[in-house]
């Protein structure tokens, strides 16, 4: 066998060993991302890389962070003297669940990481602090657009209006759903007759009750 052939075999062997070694290293440093999580890889580039299934994290030159992006439930309850005021000034005891998650795009994951941090992205208390005022204001706004009876009978329409008022600008989060878990008229005993709105609500409840009783007696 000539010298050239031997050198060719040596080079080929080195290439094969190099490829095998590279594959072993990739397998060793590959990080699989669990469902409901995102992998953020900080490398030498200006913008970190975001992976949703998995990626290679090289030691020393890369830094990895895992962000939980699974569904979070935020609950807003309004009852008694703090009940939701409707268009006709009747108060409603209401419990609304808001389902949201970090939006599954690289841009939104990085936006959330920058705004509240990777570790707090799916922390219920942190997210509640971020959105409670916005969601409560949306609830109040829509409540004042509907009479209590309309709100009670058209919960889907009520829900859709809440979603519309909240909008899509949620700082990297996506609102998956809104559910009206509980909705009833606030008892008259819980209302303050010295409050102008409650006084009007009491008057309206009295009128509706009287009308209902007359209708029932005529049956």
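I'd like the FRET efficiency for residue 65 and residue 154, computed as 1/(1 + (r/R0)^6) with the beta carbon distance as r and R0 of 35 Å, rounded to 0.05. Intermediate results must be reported in sequence, preceding the final value.
Working: r = 44 Å, r/R0 = 1.27.
The calculated FRET efficiency here is 0.20.
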Segment residue 37-residue 15, length gained on full extension (0.36 nm per residue, minus Cα span): 4.2 nm
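Assuming R0 = 25 Å, what is the FRET efficiency of residue 119 and residue 95, from their Cβ-Cβ distance, to the nearest 0.05?
So, using R0 = 25 Å, E works out to roughly 0.30.
Where the eigenvalues come from the Cα gyration tensor of the stretch 98-219, what are the semi-axes √(5λ) of the equivalent ellipsoid, largest first, in whole Å?
Details: eigenvalues 321, 48, 23 Å².
Listed largest to smallest, the semi-axes of the stretch 98-219 are 40, 16, 11 Å.
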Extension gain (nm, one decimal) between residue 203 and residue 52, 0.36 nm per residue minus Cα-Cα: 48.7 nm
Sites residue 75 and residue 174 - FRET efficiency at Förster radius 22 Å, r taken between beta-carbons, to 0.05: 0.75
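Quick note: the coordinates plus some simple rules give every number you see, no bench work behind them. Remember, predicted model here, so these are calculated numbers, not experimental data. Every residue, glycine among them, receives a Cβ derived from its backbone with ideal geometry; neighbour counts consider all protein chains shown.
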